[in-house]
1. Work out the length of the dipole vector of segment 110-182 about its Cα centre, built from +1 on the beta-carbon of each Lys and Arg and -1 on the beta-carbon of each Asp and Glu, and round it to the nearest 20 debye.
2. With label points built 7 Å along Cα→Cβ from the Cα atoms of THR69 and GLU160, find their separation and express it in nm.
3. In whole Hz and in residue order, list the ³J(HN,Hα) couplings for segment 62-69 that follow from phi through the Karplus curve 6.51 cos²θ - 1.76 cosθ + 1.60, θ = phi - 60°; x for Gly and Pro.
4. Work through the residues other than THR118 whose Cβ is under 13 Å from its Cβ and net out their charges, Lys, Arg +1 and Asp, Glu -1.
5. Carbon and sulfur atoms: what percent of the 1.4 Å accessible area of segment 72-182 do they account for?
6. Using a cut-off of 13 Å between beta-carbons, work out the net charge of the residues near THR77 (Lys and Arg +1, Asp and Glu -1, THR77 not included).
7. What is the P(r) of segment 16-157, as percent of Cα-Cα pairs per 5 Å bin from 0?
8. Counting only other residues whose beta carbon sits under 13 Å from that of ILE33, what net charge do I get with K and R as +1, D and E as -1?
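The values are calculated or read from the model by the stated rules, or taken from the named source; none is laboratory data. Since we're looking at a predicted model, the values are computed, not measured. Glycine gets a Cβ as well: all are built from the backbone with ideal geometry, and neighbour counts include every protein chain shown. Each accessible area value is taken on the protein alone, full model and side chains, heavy atoms only, with ligands, DNA and RNA left out. Shrake-Rupley method; radii C 1.70, N 1.55, O 1.52, S 1.80 Å.
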Amino acid sequence: MSSTASMSPSVSGRATIPAHDPQNLVVVVPNNIAEIRRSLHVMFAPILEITVISSPQNHLATLAALAPTLPTQLKPTVLQLQTPHHAYIDMIPSPSLRDRLIAVGPANSNTFMTQACTIACDIEDTGQMIVWGEDWLNEFSWEFSAAVLERWGGWMLPQEWGQRANFWRRQRGAPILSAWES
């Protein structure tokens, strides 16, 4: 399945909702979630080897030591370095989503991770999310499913996640999620 998109950077350097420009179309195909997960598990192997529940301080210290080797999108936030949390949260290439998962507590974050975040968790990918194109570290490339947005939207996944999903849905001619239109 292919899709078309043109990406427009904003003035601040952060990705914005791309403009549809027929002069600048790029063919974008879904990335392999299992391959992304394998890459993340290799990057975070030192953390995944720790029993986080019995040694949260060791997890935080190992994360801090690993930080200089990580891509910008995976560098730990202040909240990550100060608050015990599940190690799979560290593997989400979205600092704001990581912080939100830590802030909502272990019960909600663990449920979200096992139901929606196949990029990090070793669970079956049944279409909870699609990562479009080669740059899987760019959260703009992610599309959470309608079911994930319905369950987690608003309080866990703010408006921009629904807007991104609608952008990708438009590119492939899928029905727009009206609840997420601005």
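1. Working: 5 positive and 10 negative charges, 62 e Å.
Result for segment 110-182 is approximately 300 debye, rounded to the nearest 20.
2. With each label placed 7 Å out from Cα toward Cβ, I get 2.9 nm.
3. 5, 4, 4, 5, 7, 3, x, 8
4. Values: positive: ARG37, ARG38; negative: GLU35, ASP122, GLU124, ASP125, GLU143.
Residues near THR118 contribute -3 overall.
5. 51
6. On the way: positive: LYS75, ARG98, ARG100; negative: ASP90, ASP99.
My count for the surroundings of THR77 gives +1.
7. That works out to 2, 10, 18, 23, 20, 14, 8, 3, 2, 1, 0, 0, in percent per bin.
8. Values: positive: ARG37, ARG38; negative: GLU35, ASP122, GLU124, ASP125, GLU143.
Spelling it out: positives minus negatives among the neighbours equals -3.
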